[in-house]
Amino acid sequence: MKKIITTAILLFMCNSIVVAQKIEKEGPKGFDQLKPAIAHGKIDTISYTSKTIGSTRKALVYTTPGLSKGKKYPVLYLLHGIGGDEKEWLKGGSPQIILDNLFAEGKIKPMIVVMPNGRAMKDDRATGNIMASDKVQAFAAFERDLLDDLIPFIEKKYPVLKDRENRAIAGLSMGGGQSLNFGLGNLDKFAWVGGFSSAPNTKSPEILVPNPEEAKKKLKLLWISCGDADGLITFSKRTHDYLYKNDVPHVYYIEPGVHDFKVWKNGLYMFSQFLFKPVDSSSFSTYTLLGSQPETNIRNAKYPQILPDNRVVFKVKAPEAIKVQIDLGKKYDMLKDDEGTWNLTTDVINKGFNYYSLRIDGVAVADPSSESFYGMGRMASGIEIPNRDGDFYALNNVPHGDIRIKKYFSKATNSWREMNVYTPPGYDNATEKHPVLYLLHGGGEDQRGWATQGKANLILDNLIAQNKAKPMVIAMLDGNMSGIASFDERALKAFENELKMGAIPFVESNFKVATDAKNRALAGLSMGGLQTLYAGVKNSDMFSSIGVFSSGWWANSTTLSEPQYEFMKNNAATINSNIKEFWISMGGKEDIAFENCKIMMGKFDQMGIKYKYSEYPGGHSWPVWRHDLFMYAPLLFK
């Protein structure tokens, strides 16, 4: 008997978990249609005394079929929009039909659903100017009516469980804003919170969730959904962005649609299946139909879309193509539908900036739906994947500097060249001279890389605003020397000449900068790291700091590297004296330059060359190099 009971308990637990984790991604056809053959719940109209308002108010109460006497049940408070009342859900959303059908299929727990009038004022009818200030304010006042009057009434009249884990709140539009405001503002009262197409009454996320750690502990489910063509989606997205940044588990569900009951009915269908059951928060990111457009999409381009778990959905219209791929380092084959559109959902993509190409019948081209960037030696597409740790390069509300594109004639190359120059906030009105960081890109890129892919200006804007870095000018140079292979000594020597005879003289003649070594630094990534090693070490009397990101002398090219090591060995004392910050960084073991750098640092140790080392996971990629600049810039010019 004991064995049978144990087996039954285990089967029940497994079934509960399966139910919690195998919820459809949207309501199937007919989910909101009446099915006469099944059992139906009951709807009552109730009246309760509101001490908050000083009047008697009405609400509708739905109970799922077959509630048993002597048992108590969880309760969902379901709120309407600004133009509705307690009957809006009943008239437009058919919640009783949706929930009856779900209950008959065993997909929801038995529950009681309360649909109140969220306009907490004596004349709470949806008449006249529904946008009048007193009526709008009444929706905020409903919080006290709900907590102090309605919930106590329901708990006295109906057999409901009274703990927070058996109490949920959700709503549409204005009611979605109320649900987020009241639910997240009263985590001691609600463990399940849902906002469907939440309206502008939704408080800013910093106010909604001032303590993310508390929210993580107390919330069973936080649901945010909206139609992709809803003009109010920005309010849902800003909440999602904040929750993502602060690692608060939630569902961010986007579906095709506008601000209407088609979306809200599907929201109720999906949300209700999670309620009052075990939930797997690790699966929340899979519950969506559509993703968000990355900032790298061109204006009005719906695709690519980023799903909440950082997979990417691509769609390409190419009806006459034979084979279409997306190349993100890994090549993904796309599938063509009957309308000639090629479709793909990728694996999870690295956070931050990623190059990619569209390959049509073997030809690599830039995706016309995304912004293009000069990388891989040509114009390529780029996609910016959300990064919860990327606030240091975000466009924040701080004073901003400028990126200036400057043409100059170089005596070193006898040609016109171009650099991008960052000037810090307040530069134009400043009387003092600024220090300068000469910042170099990698192979296949140019002077635009640090300004566009690297977001150097935003990184410095944020650091300067926080007093973590000195205001400085950053000269982002073109390290490509025309007609010369990029990685031999002839190319490195040509760049050294360009730096000394072209770039530095131009900057010092055209910008308000100091011209001594202590106010001059040199740094670069990958190929630019080699250029930094070559020009910076050999000219240590010109720079107080050098930064080498994801680079190092090649172990298999002794013809190139051994003379550099010999020079450093013979001049170690001078290098250590001149270079105050010799900073080396790598993107972890997956960085293609990792082993070369490791060998190089071993040789530095043998020579007694002083340096600092930093490692940030992410390989040979822009997310790593952004972080490198974020860490390196505060060390300069101290």
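The values are calculated or read from the model by the stated rules, or taken from the named source; none is laboratory data. Remember, predicted model here, so these are calculated numbers, not experimental data. For neighbour counting, all protein chains shown are included, and Cβ atoms are generated from backbone atoms with ideal geometry for every residue, glycine included. We work out accessible area using only protein heavy atoms, side chains counted, and drop any ligands, DNA or RNA first. Shrake-Rupley method; radii C 1.70, N 1.55, O 1.52, S 1.80 Å.
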Which of the numbered conditions does P471 fail, given that it passes all the others? Conditions: (1) farther than 30 Å from H240 by Cα; (2) at pLDDT below 95. (2)
Flag if L243 is at pLDDT 95 or above and crowded, with 21+ Cβ neighbours inside 10 Å: yes
When region 205-231 is checked residue by residue, the ones that are closer than 26 Å to K302 by Cα and open to solvent by 20 Å² or more (accessible area, probe 1.4 Å) are D228, A229, G231
Can you work out which of the residues in region 248-269 that are in contact with an Asp or Glu (Cβ under 7 Å, 6 or more places away or on another chain), in a helix (DSSP H, G or I) and within 16 Å of I23 (Cα to Cα) is most open to solvent (accessible area, probe 1.4 Å)? K265
Being part of a loop (DSSP other than H, G, I, E, B), open to solvent by less than 50 Å² (accessible area, probe 1.4 Å) and under 30 Å from V75 (Cα atoms), is that true of even one residue in region 298-317? yes
For region 604-627, enumerate the residues that are part of a helix (DSSP H, G or I) and open to solvent by 60 Å² or more (accessible area, probe 1.4 Å). D605, Q606
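Please go through region 158-181 and give me each residue that is assigned to a helix (DSSP H, G or I) and open to solvent by less than 10 Å² (accessible area, probe 1.4 Å), ordered by number. If you could, list the steps in order and put the result at the bottom.
Filtering region 158-181 down to residues assigned to a helix (DSSP H, G or I) leaves 164-166, 174-181.
The answer is G175, G176, G177, Q178, S179, L180.
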So if I check each of Y355, Y332, Y374, which one is of a type in the set (S, T, Y), without any contact (Cβ under 8 Å) to a residue 24 or more places away in the chain and either open to solvent by less than 70 Å² (accessible area, probe 1.4 Å) or on the phi > 0 side of the Ramachandran plot (or both)? Y332
Pairs only if they're at least six apart or on different chains, beta carbon under 6 angstrom, first in region 457-482 and in contact (Cβ under 8 Å) with a residue 12 or more places away in the chain and of a type in the set (K, R), second in a helix (DSSP H, G or I) and open to solvent by 10 Å² or more (accessible area, probe 1.4 Å); list them, first residue then second. K468/P634
Boolean, G106 is more than 20 Å from G195 (Cα to Cα) and either crowded, with 17+ Cβ neighbours inside 10 Å or out of contact with any His (no Cβ under 6 Å at 6 or more places or on another chain) (or both): yes
Are there any pairs with C-beta distances below 7 angstrom linking a residue in region 578-604 that is more than 12 Å from V548 (Cα to Cα) to a residue that is open to solvent by less than 10 Å² (accessible area, probe 1.4 Å) and among the aromatic types (F, W, Y), with the two at least 6 apart or on different chains, and if so which? I579/F543; N596/W553
Helices (runs of 4 or more DSSP H) wholly inside region 458-568 that include at least 2 residues being closer than 13 Å to Y438 by Cβ and open to solvent by 10 Å² or more (accessible area, probe 1.4 Å): 504-510
Contact list, first residue from region 234-248 and closer than 15 Å to F284 by Cα, second anywhere and open to solvent by 20 Å² or more (accessible area, probe 1.4 Å) and among the aromatic types (F, W, Y), beta-carbon distance below 9 Å, six or more apart or interchain, is V248/Y242
Subset of region 184-218 [touching a residue at least 60 places away in the same chain (Cβ under 8 Å) and in a loop (DSSP other than H, G, I, E, B)]: S197, A199, N201
